[in-house]
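Since every read-out is calculated from the coordinates, none of them should be taken as a lab result. Computed from a predicted model, the values in this text were never measured in an experiment. Quick reminder, even Gly has a Cβ in these numbers, built from the backbone with ideal geometry, and neighbours come from all protein chains shown.
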Amino acid sequence: MKKARSKCYQFVPPMVPSLSINKPRLQADDQNMLRNMIEIQINDQKRASVSSATYEKYMKNMDEQSANTCLRAMPEANAFLARALEQDLATLPAWLWSQSLKGTDKEKMLCHTIQLALTDFYANCCRPVPLTPIRTSSVHSTCHTCHQLLQYDV
């Protein structure tokens, strides 16, 4: 029971359990159809439903990720990231976008992705505090005029 002012309300929990919208869901018939074609390994725990080959590929991939194998295979992109991480936050975007990208096409694409990711990081770190909008008389009259114009059929 929850009291609000002088009235009493009875709490009624939702009838349907909530589902996380961030998790993919497959219907049972779709799962059965895909079961013979797809194996899913989510974490490093060995499961009976996953073959040894899939588990070994998963573990190899995890080892490569922890060693940054893909990034180390692209020395120009690796060096670009290392230099970018040494920059002051205040001047990071200017530094990022003033650099000429070097290396193969894949390395340049990775460097561009690094530019975008670090620019987004900067924007999130230095997000300005939003100001409350101030309505001036000219804005008010413009809004009023637009409202009047929208009421007429042309």
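List of remarks:
- Length gained when the stretch Thr54-Cys70 is fully extended (0.36 nm per residue, less Cα-Cα span): 3.7 nm
- Cβ-Cβ distance of Ala79 and Asn22, R₀ of 30 Å, FRET efficiency by 1/(1 + (r/R0)^6): the value works out to about 0.25.
- Gain on full stretching of the segment that runs from Thr91 to Asp30 - 0.36 nm per residue minus C-alpha separation: 16.9 nm
- Note on Met62 and Thr119: their simple-model spin labels are 3.6 nm apart, each label 7 Å out from Cα toward Cβ.
- 15 Å Cα-Cα reach of Lys108 towards aspartates and glutamates, excluding residues that sit fewer than 8 places from it in its own chain: Glu76
- Of all aspartates and glutamates in the structure, the ones whose alpha carbon falls short of 19 Å from that of Lys46, not counting any fewer than 8 places away in one chain, are Glu56, Asp63, Glu64.
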